Amino acid sequence: MIHVAVLGYGTVGSGVVEVIESNNEAVSAKAGEEMHVKYILDLRDFPGDPYEDKVVHDFNVILNDPDISVVCEVMGGVGAAYQFTKQCLEAGKSVCTSNKELVAKHGAELLEIAKNKNCSYMFEASVGGGIPIIRPINKALTAEKLETISAILNGTTNYILTKMEKEGADYSETLKKAQELGYAERNPEADVEGHDACRKIAILSSLMVGKNVDSEKIYTEGITKITPADFAYAKAAGMTIKLLATSQASDDGSVMAMVAPALISREHPLAVVNDVFNGVFVTGNMLGDVMFYGRGAGKLPTASAVVSDVIDCARHIGRSSIVCIWDREEAKLVDISETEKVFFVRAEASAKAEVEAAFPGGKYLTAEGRTEDFGYFTAVMKEREFEEKCAALGEKILNRIRVA
Ligand code: HSE
C-alpha cells in the first residue's frame, strides 16, 4: 500500500485527494500498488468534509510516520513549504508539487537532496497546470538540443487578453470581470505583472540548459498597459497580442529569457491559445517544432498532474525517479538590451515625422476608426537603441510592444 500525505487542503490539495480517491482503481493499477491518502495537513478543520478524519495540524505526524513514502506539497509559498519539502526529502520521502515559486527558487537544491536520499522531487504541475510539459522535456525530448521555448504560461492574463481582443473592452474593466468570475485573484499582481509566467519560464529554461536560471534576473513585463487601441492595430496587421514567456539557449550555454506582451502573427500556433488555456511551443534541433496545449490552471487539471508524479514516485520507491539535469550552477542570462527585434509603436497622430525620423526604414499601420494615433513597425533594432529613441520622444509614444 502506498500512503500519501497532502500538505495544504486548498484548491489543488482537495483536487489531489479527489483524483487519488475517485480514480483509485486506475491510479493504484498504474502505481502497481493500492494507493490512499493517509494525512492532509492544514491549519484549518473541515467539518463535514468526506476526508475530515485525515486532517492533521502537526507536520511531524507526517514526517515521523514511516508509512508515508510520498508527500504532495500544494501549500504554495517559499516559507513553510520549503522547510517541509526539505525535511521530507532528507527523510527519504518523495515530494510532488505544483508550487512554481518554490521550484523556481530552490528547485536545483531540492533535486540534489532528493537524488542523494534516493527519493524524488517532482513538479509536473508547476508549469502549465495539467499540460504534460516537464516529463516530455525530461523524458521524451532527450535526444534533442532544445533551442527555443515560446509559451503562454498564465491563464489569467491569457483570459484577460482574449476578452479584450474579442470584446474591445479595456484592461481594468476586463480584470474586474475576471475577478468576479473567479478567473483572477483578488490580488492579481503576480499574474498581471508577469511574475507567475516568469517563474514558469525560469523552470523550463533551467531544464532546457541543465543549469539554474534565476527567475529574479529574467526581464519581466506584464499586461497592464495593453489597450483596445493596441488590439485594433494588431488586428489590422493580421496579428494578436499575447503575454509571451520566451527562452532561447545559445551554443555557449547562455540563455535569453524574458516575459513580455508580444504581437504575434495570427498564423502562429500560439495565436489560437485563448481564454484560460496555456500553450508551450518548443523547438528542438532535430525534431523542429512541437507544441503542448491544455488547461494551465484549475483544481482537477493541476491535481491530475500532481498525481501523475505521485504514481511515478510510487513506481520508484527506494530509488530516485528524477531524470532531469538541473545543476545549481547559475546559467548566464543574456542582457536583453543588446538583443535585436522589430517593435510596434503606437504614437500620437501629430508625431508622424518625428517617429519616422527616430525609426527610419519602418512601416506605417492604419486601423479602422483610429484617427488620434497611428501604428508603426520599426526595422529590426537593438532594445537599447529603441528605448533611447522612445525616451527622447516622450509622451508622443502612446505604447510600444515587441513583435515576436
Ligand atoms: N494564476 C495562475 C494562472 C495559476 O493564471 O495561470 C496557475 O499557475
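Values in this text are rule-based calculations from the coordinates and carry no lab data. Just so you know, these numbers come straight off a predicted model, no measurement behind them. Every residue, glycine among them, receives a Cβ derived from its backbone with ideal geometry; neighbour counts consider all protein chains shown.
Per DSSP H run of at least 4 residues, take -39500 (n - 2.57); add these up for the chain, divide by its residues and hand me the 222 nm value, nearest 500 deg cm²/dmol. Before the final figure, lay out the partial values.
On the way: 13 runs with 138 residues, N = 404.
So the helix-based figure for the chain works out to -10000 deg cm²/dmol.
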By average Cβ neighbour count within 10 Å, what is the ranking of 66-75, 223-232 from highest down?
-> 66-75, 223-232
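Would you mind calculating the gained length between T371 and F46 on full extension (0.36 nm times residue separation, minus the Cα-Cα distance), in nm to one decimal?
Details: separation 325, 0.36 × 325 = 117.00 nm, distance 5.84 nm.
Between T371 and F46, full extension yields an extra 111.2 nm.
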Would you list, by chain and number, the aspartates and glutamates whose Cα falls below 14 Å from the Cα of K139, excluding same-chain residues fewer than 8 positions away?
-> E124, D309, D312
Quick one: if you take sqrt(5λ) for each eigenvalue of the C-alpha gyration tensor of the range 92-230, what semi-axes come out, biggest first, whole angstrom?
-> 32, 16, 13
Which length gain, in nm to one decimal place, applies between N118 and K139 when the Cα-Cα distance is subtracted from 0.36 nm times their residue separation?
-> 5.7 nm
Would you work out which of G32, V74, L43 lies farthest towards the positive end of the dipole of the range 1-101, given +1 charges on the beta-carbon of Lys and Arg and -1 on that of Asp and Glu, about the Cα centre?
-> V74
If R0 = 25 Å, then A353 and T224, at their Cβ-Cβ distance, give a FRET efficiency to the nearest 0.05 of 0.25
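Can you give me the relative contact order of the chain as a percent, contacts being Cα pairs under 8 Å and 6 or more apart? Intermediate results must be reported in sequence, preceding the final value.
Numbers: 882 pairs, mean separation 74.7, N = 404.
RCO, the chain: 18 percent.
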Placing each pseudo-label 7 Å from Cα in the direction of the beta carbon, M291 and K176 end up separated by a distance in nanometres of 3.4
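Rounded if a/c is under 1.5, else prolate if a/b beats b/c, else oblate: with a ≥ b ≥ c from the C-alpha gyration tensor eigenvalues square-rooted, which is the range 233-305? Kindly include the intermediate steps, with their values, before the conclusion.
On the way: a/c = 1.73, a/b = 1.04, b/c = 1.66.
Oblate, since a/c reaches 1.5 and b/c is not below a/b.
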Please state the charge dipole magnitude for the chain, taken about the Cα centre, from unit charges on C-beta atoms (+1 on K and R, -1 on D and E), reported in debye and rounded to the nearest 20.
-> 620
In nm², what is the average projected area of the convex hull enclosing the Cα atoms of the chain?
-> 20.4
Net lengthening on full extension, E90/E25 (0.36 nm per residue, minus Cα-Cα) | 20.3 nm
State to the nearest 20 debye the size of the charge dipole of the range 41-95 about its Cα centre, where the only charges are +1 on K and R beta carbons and -1 on D and E beta carbons.
-> 260
Row for the range 270-318, column shape: gyration tensor on C-alpha, a ≥ b ≥ c, rounded if a/c < 1.5 i.e. under 1.5, prolate if a/b over b/c, else oblate; value oblate
Applied in sequence order to the range 137-148, the curve 6.51 cos²θ - 1.76 cosθ + 1.60 (Karplus, θ = phi - 60°) yields integer Hz couplings, x standing for Gly and Pro, of 5, 7, 10, 9, 9, 6, 7, 8, 9, 6, 9, 9
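Based on DSSP, what percent of beta bridges with both residues in the chain are antiparallel, to the nearest 5? Kindly include the intermediate steps, with their values, before the conclusion.
Details: 45 of 70 bridges.
Restricted to the chain, the bridges split so that about 65 percent are antiparallel.
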For L41, list long-range residues whose amide hydrogen, built 1.01 Å from N in the peptide plane, is under 5 Å from its own amide hydrogen.
-> V6, L7, G8, V56
Karplus (6.51, -1.76, 1.60) ³J(HN,Hα), θ = phi - 60°, over the range 374-382, in Hz, Gly and Pro reported as x | 9, x, 8, 9, 6, 6, 5, 8, 6
Phi angles of the range 58-67, converted by Karplus (6.51 cos²θ - 1.76 cosθ + 1.60, θ = phi - 60°) into ³J(HN,Hα) in whole Hz with x for Gly and Pro, give 10, 4, 5, 4, 6, 4, 8, 8, x, 5
Among the lysines, which fall within straight-line cross-link reach of K166, defined as a Cα-Cα distance under 18 Å, with same-chain neighbours fewer than 8 residues apart omitted?
-> K176, K177, K225, K235, K242
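Too long at a 26 Å Cα-Cα cut-off: which of K54/K200; K100/K211; K200/K299; K105/K389; K341/K363? Present the calculation step by step, with values, prior to reporting the outcome.
Details: K54/K200 32 Å; K100/K211 17 Å; K200/K299 18 Å; K105/K389 36 Å; K341/K363 14 Å.
Where the Cα-Cα span goes over 26 Å, the pairs concerned are K54/K200; K105/K389.
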Could you work out how far apart the two model spin labels at Y364 and D214 are, taking each label as a point 7 Å from the Cα in the direction of the beta carbon, and quote it in nm?
-> 4.7
Placed amide H near M239: partners under 5 Å, 5+ positions off or other chain = R266
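Using DSSP H assignments, which helices in the chain have an axial alpha-carbon span of 18 Å or above and a mean Kyte-Doolittle hydropathy of 0.0 or higher?
Numbers: long enough: 100-116 (23 Å, -0.22); 195-209 (21 Å, 0.81); 299-314 (22 Å, 0.88).
Counting only whole DSSP H runs, the qualifying helices are 195-209, 299-314.
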